[in-house]
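A.B. asks: I am attaching a structure below and will ask some questions about it afterwards.
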Amino acid sequence: MRELGFFMIFLGIILFFMAALLPLFSIAKGAEISGGGCIVILFFPICFGYGKASSLLILVSLILVIVLMAFSYLIFRTISKGPVGYSREES
């Protein structure tokens, strides 16, 4: 499982650099550049965007943030219950 986590972090870094370098190659062809994203501070998402497709990119980012929050809640709830067969009332 640890290897999967490292692979996903590595893949995210590669995708980040590819996305950062992509506009450099598309400017020469006259393509338009759009971007968007969300930053979550505590439980408050701050979304931003620029370009023609910014509203769509902000919407996709916001949906991904909501999915991430739901997964985080489910994982936290599962972890806080403790191991299987363990009861907090027994101790």
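Values in this text are rule-based calculations from the coordinates and carry no lab data. None of the values given here were measured: they were computed from a predicted structure. Neighbour counts run over all protein chains shown; Cβ positions are idealised from the backbone, glycine included.
A.B. asks: Can you give the local net charge around residue 9? Use residues other than it whose beta-carbon is closer than 12 angstrom to its beta-carbon, Lys and Arg +1, Asp and Glu -1. Mind showing how you got there, number by number?
C.D. replies: On the way: positive: 2; negative: 3.
Result for the local shell: 0.
A.B. asks: Along segment 42-51, what does the Karplus equation 6.51 cos²θ - 1.76 cosθ + 1.60 (θ = phi - 60°) give for ³J(HN,Hα), rounded to whole Hz, x for Gly and Pro?
C.D. replies: 6, 10, 10, x, 10, 9, 9, x, 8, x
A.B. asks: Going by average Cβ neighbours within 10 Å, how do the peptides 53-65, 10-22 rank, with the highest at the top? Please report the intermediate quantities before stating the final value.
C.D. replies: Details: 53-65: 15.1, 10-22: 10.0.
Ranked from most to least packed, the peptides come out as 53-65, 10-22.
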